[in-house]
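Here is the structure we will look at.
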């Protein structure tokens with residue numbers, strides 16, 4: 001297998017994120033916006049699963065001024081603590097994302113896949129069959145009773161999986177699985193090379 005540099009792979013991830021933005025836009029109902037949403041997905045307890053996205057997140061954090069990065073790291077620690085307390089109490093955590101600044105993502109260009117695709121009705125083909133998701137409450141309200149085609153995330157997931165395999169290279173069978181929130185990725189620091 002030919003070696004591809006990590007920088008090249010991260011550029012390919014950025015291009016995949018552009019494809020995701022186009023798929024999201026074409027699947028969004030006319031007039032749909034997250035502006036002023038009280039159902040904020042930034043308090044959802046999302047798990048992320050790839051080393052390459054973890055690295056991309058850290059590229060964004062490392063590009064920030066030191067004070068801003070330190071603020072996000074502190075918020076991430078608090079987020080992890082609060083989420084852990086909720087989980088211990090048998091509750092689903094509803095803790096604000098540590099990089100949310102007054103309703104805006106502080107690392108918008110480096111946000112992860114689920115942050116980019118959440119909201120619109122979507123589906124993907126998994127090993128266990130087709131999984132379908134209705135979309136967020138705000139999007140569902142915008143759609144109303146009209147028929148709306150679901151965004152197919154399958155090709156986007158497959159491309160992300162292929163990039164992850166290339167990113168890990170010979171370590172792909174030894175690297176620990178990623179099952180972390182964005183806050184946990186921040187607290188843990190950049191993934192090991």
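The values are calculated or read from the model by the stated rules, or taken from the named source; none is laboratory data. Given the structure is predicted, the values throughout are model-derived calculations rather than measurements. FYI the Cβ positions are ideal-geometry reconstructions off the backbone, even for glycines, and counts take in every protein chain you see.
Before moving on, here are some points about what is shown:
- Taking the criterion of being farther than 15 Å from residue 55 by Cβ and under 22 Å from the mean Cα position of the chain (by Cα), the residues of the range 165-179 that qualify are 177, 179.
- Test: residue 97 is surrounded by 15 or more Cβ atoms within 10 Å (Cβ to Cβ), touching a residue at least 40 places away in the same chain (Cβ under 8 Å), out of contact with any helix residue (DSSP H, G or I) (no Cβ under 8 Å at 6 or more places or on another chain) and closer than 30 Å to residue 72 by Cα: no
- The listed residue being over 18 Å from the mean Cα position of the chain (by Cα) and at positive phi, out of 129, 189: 129
- For the range 38-53, the candidate set comprises residues that are surrounded by 13 or more Cβ atoms within 10 Å (Cβ to Cβ) and touching a strand residue (DSSP E or B) at 6+ places or on another chain (Cβ under 7 Å); within that set, the residue that is farthest from residue 191 (Cα to Cα) is 42.
- Hits in the range 100-116 - residues which are in contact (Cβ under 8 Å) with a residue 24 or more places away in the chain, exposed (fewer than 15 other Cβ atoms within 10 Å of the Cβ) and within 19 Å of residue 25 (Cβ to Cβ): 109
- Single condition residue 70 does not satisfy, out of (1) out of contact with any strand residue (DSSP E or B) (no Cβ under 8 Å at 6 or more places or on another chain); (2) closer than 25 Å to residue 158 by Cα: (2)
- Subset of the range 131-159 [in contact with a strand residue (DSSP E or B) (Cβ under 8 Å, 6 or more places away or on another chain), surrounded by fewer than 18 Cβ atoms within 10 Å (Cβ to Cβ) and modelled with pLDDT under 90]: 131, 132, 133, 150
- Flag for residue 35 being over 22 Å from residue 188 (Cβ atoms), exposed (fewer than 12 other Cβ atoms within 10 Å of the Cβ) and under 20 Å from the mean Cα position of the chain (by Cα): yes
- Residue in the range 70-83 that is surrounded by 14 or more Cβ atoms within 10 Å (Cβ to Cβ), in contact (Cβ under 8 Å) with a residue 40 or more places away in the chain, within 16 Å of residue 109 (Cα to Cα) and under 20 Å from the mean Cα position of the chain (by Cα) present: yes
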